[in-house]
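The values are calculated or read from the model by the stated rules, or taken from the named source; none is laboratory data. No experiment lies behind these values; they were computed from the predicted model shown. Note that we place each Cβ from the backbone using ideal geometry, even for glycine, and neighbour counts take in every protein chain shown.
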Amino acid sequence: MEIPKQGRNKQDLLQAMQTAKAGDTDWLQGKTWSLQYYIDEEHHELLKEAHQLYFSENYINPFLFKSILKMEKEVVAMVADMLHGPESVVGTMTSGGTESILLAMYACREWARKHKPSIKHPEIVAPRTIHPAFDKAAHYFGFSLRKAQVLPTQEADMVAMEKLISKDTILLLASAPSFAHGVLDPIPVIGQLAEKHGLLFHVDACVGGFMLPWVEKLGRELPEWDFRVPAVTSMSGDLHKFGFGAKGASVVLYRHTGLFEHQIFVNTEYSGGIFATATLLGTRPGGSVAAAWAGLQHLGQAGYLKNAKAMLDATDQLRADLEAIPEIEIIGKPCMNILAYSTKKNQPDIYVVADFMEQKGWVVDRQQLPPSVHLTVFPYNIPVIGKYVEDLKAAIEWAKANPSASGEGNAAMYGLMARIPLRGMVKDNVRKVFLDTYGKGLGSEPPVAEQEKKSPKWMGRLNRVLAWLTRWGA
Ligand SMILES: Cc1ncc(COP(=O)(O)O)c(C=O)c1O
């Protein structure tokens with residue numbers, strides 16, 4: 001495929017895109033239970049207009065766009081206040097939860113490198129339910145993420161976590177709450193562990209940061225989960241989730257400037273002049289900062305509270321309806337408008353139930369460890385909750401009557417993946433799906449010099465050491 005030789009007509013193009021888009025998931029119908037954070041058309045339009053106003057601005061240089069910088073600083077300050085940050089809390093907006101987490105993990109690693117130089121291979125200890133963005137950080141930045149088993153309630157188990165702490169541990173992690181089950185980790189308890197062992201402590205509030213404050217204000221009791229816990233040294237919270245901003249907006253916060261400073265990158269040797277950024281991106285969209293700021297201002301605390309109440313009440317209703325189905329059990333103790341359910345002792349097979357629900361048009365988020373189905377309740381799901389429960393009851397009856405369906409279709413595949421001991425095999429296959437999608441399925445490698453191919457591994461290492469010594473000598 002090549003770029004068209006001549007430009008295409010605007011109307012035709014937009015029409016073609018509308019037609020193509022019509023085949024995508026129609027999430028506003030309420031059949032999707034994750035990913036799409038949306039309140040209503042009025043709020044959506046405001047986000048679009050605010051985004052549009054800064055559509056062209058390249059926020060790589062905050063000093064060129066003082067109005068965006070002002071909005072970013074205000075957003076950071078408002079979020080720090082919401083999360084009970086003391087005066088010392090600092091941070092930035094980022095493009096999303098993953099960027100916030102990558103930056104926080106990098107800053108913690110660099111801080112430890114400076115202040116705990118005896119640690120050569122930094123380790124992080126987390127409950128098994130922590131979001132994969134932390135595995136990604138470990139993958140990119142070369143540290144070990146050690147995962148502890150969780151309690152049957154899916155909460156972090158501090159005894160299991162403590163067992164994994166070693167002389168190389170720099171940081172503990174916890175979720176407020178976990179995405180998969182909506183379960184809040186016991187953050188005050190993990191905080192005590194961090195204090196006892198002199199460790200940093202990051203709380204991932206990407207999904208809950210903009211819900212739990214209202215959960216508490218609505219009188220639902222939670223253990224403290226944010227900067228009120230003195231051991232918490234950094235946090236991530238996403239504006240593009242329940243902050244109801246536009247996509248591409250999150251906040252990373254640090255209790256101390258001494259941690260934050262490691263996030264800032266400065267290069268004084270670049271031929272284009274001094275190059276410095278406070279976040280991971282180079283070119284930065286101003287629109288997502290503007291939309292997040294406008295969203296916060298427009299909703300105000302009263303707006304967040306009102307929406308949170310509607311979503312929580314609906315979740316209570318859904319939960320009660322699910323619990324009334326004898327075969328169903330809720331996983332753990334969800335603390336907000338996220339829950340996961342399974343069938344008791346997997347009878348009937350939850351993945352067969354999931355397949356039936358999918359045939360009924362529901363978008364089903366199948367989970368593993370344990371096998372379950374995820375539901376986040378958004379305002380647009382509220383009108384269809386009754387229908388969902390009705391279809392679920394039918395799905396259970398069908399699965400009970402058709403036990404052999406466990407060995408067929410998606411149910412068989414998910415069942416196998418949930419049980420398979422060779423996770424490496426699953427990993428290779430999933431990677432292949434991406435390679436087939438983006439990489440044309442062709443296997444090609446960059447060239448390797450002939451002598452490299454022939455020489456044993458130790459020779460390569462020796463050559464690298466020699467090259468380094470020569471450079472150093474020079
Ligand atoms: C708890 C938690 N942490 C981190 C992330 C990663 O956020 P993002 O998808 O914005 O990169 C998510 C996303 O769902 C999440 O729920």
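Key figures
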read-out: Of residues in region 48-73 being surrounded by fewer than 22 Cβ atoms within 10 Å (Cβ to Cβ) and either under 23 Å from the mean Cα position of the chain (by Cα) or basic (Lys, Arg) (or both), the one farthest from the ligand (Cβ to nearest atom); value: 66
read-out: Residue count for region 343-381, restricted to those that are of a type in the set (A, V, I, L, M) and part of a helix (DSSP H, G or I); value: 5
read-out: Selection within region 392-417 - surrounded by fewer than 18 Cβ atoms within 10 Å (Cβ to Cβ) and under 17 Å from residue 319 (Cβ atoms); value: 393
read-out: Filtered residue count, region 260-317, keeping only those that are of a type in the set (Ser, Thr, Tyr) and either within 13 Å of residue 243 (Cβ to Cβ) or not assigned by TED's automatic domain parsing to the domain that holds residue 91 (or both); value: 3
read-out: Top-ranked residue in region 80-97 [being under 21 Å from residue 177 (Cβ atoms) and within 15 Å of the ligand (Cβ to nearest atom); ranked as surrounded by the fewest Cβ atoms within 10 Å (Cβ to Cβ)]; value: 96
read-out: Residues of region 325-354 that turn out to be among the small types (Gly, Ala, Ser) and over 13 Å from residue 368 (Cα atoms), as a count; value: 1
read-out: Qualifying positions in region 157-212 - part of a loop (DSSP other than H, G, I, E, B), over 23 Å from residue 341 (Cα atoms) and over 15 Å from the mean Cα position of the chain (by Cα); value: 165, 166, 167, 168, 198, 199
read-out: Pair list, Cβ < 9 Å and 6+ apart or interchain, from region 137-153 residues that are touching a residue at least 60 places away in the same chain (Cβ under 8 Å) to residues that are surrounded by fewer than 16 Cβ atoms within 10 Å (Cβ to Cβ); value: 153/333
read-out: Every residue from region 223-250 that is part of a loop (DSSP other than H, G, I, E, B) and of a type in the set (S, T, N, Q); value: 233
read-out: Test: residue 89 is touching a strand residue (DSSP E or B) at 6+ places or on another chain (Cβ under 8 Å) and closer than 22 Å to residue 261 by Cβ; value: yes
read-out: Of all residues in region 98-136 being part of a strand (DSSP E or B) and surrounded by 22 or more Cβ atoms within 10 Å (Cβ to Cβ), the one that is farthest from the ligand (Cβ to nearest atom); value: 125
read-out: Flag if residue 218 is within 16 Å of the ligand (Cβ to nearest atom), in the same structural domain as residue 129 (by TED's automatic domain parsing) and more than 13 Å from the chain's Cα centre (by Cα); value: no
read-out: Residue tally, condition within 16 Å of the ligand (Cβ to nearest atom) and part of a helix (DSSP H, G or I), over region 11-36; value: 1
read-out: Unique residue being part of a helix (DSSP H, G or I), at pLDDT 80 or above and outside the structural domain of residue 358 (by TED's automatic domain parsing) when the list is 448, 384, 430, 389; value: 430
read-out: Some residue of region 379-387 being crowded, with 19+ Cβ neighbours inside 10 Å and not polar (S, T, N, Q); value: no
read-out: The one condition in (1) of a type outside the set (Phe, Trp, Tyr); (2) without any contact (Cβ under 8 Å) to a residue 24 or more places away in the chain; (3) part of a helix (DSSP H, G or I) that residue 7 fails to fulfil; value: (3)
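One line per residue, one yes/no per condition, for (1) in the same structural domain as residue 247 (by TED's automatic domain parsing); (2) closer than 28 Å to residue 319 by Cβ; (3) in contact with a helix residue (DSSP H, G or I) (Cβ under 8 Å, 6 or more places away or on another chain):
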| position | (1), (2), (3) |
| --- | --- |
| 81 | yes, no, no |
| 89 | yes, no, yes |
| 120 | yes, no, no |
| 133 | yes, yes, yes |
| 157 | yes, yes, no |
| 173 | yes, yes, yes |
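Every residue, every condition in (1) buried (at least 23 other Cβ atoms within 10 Å of the Cβ); (2) within 16 Å of the ligand (Cβ to nearest atom); (3) not in a helix (DSSP H, G or I), yes or no:
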position	(1), (2), (3)
252	yes, yes, yes
262	no, no, no
269	no, no, yes
282	no, no, yes
313	no, no, no
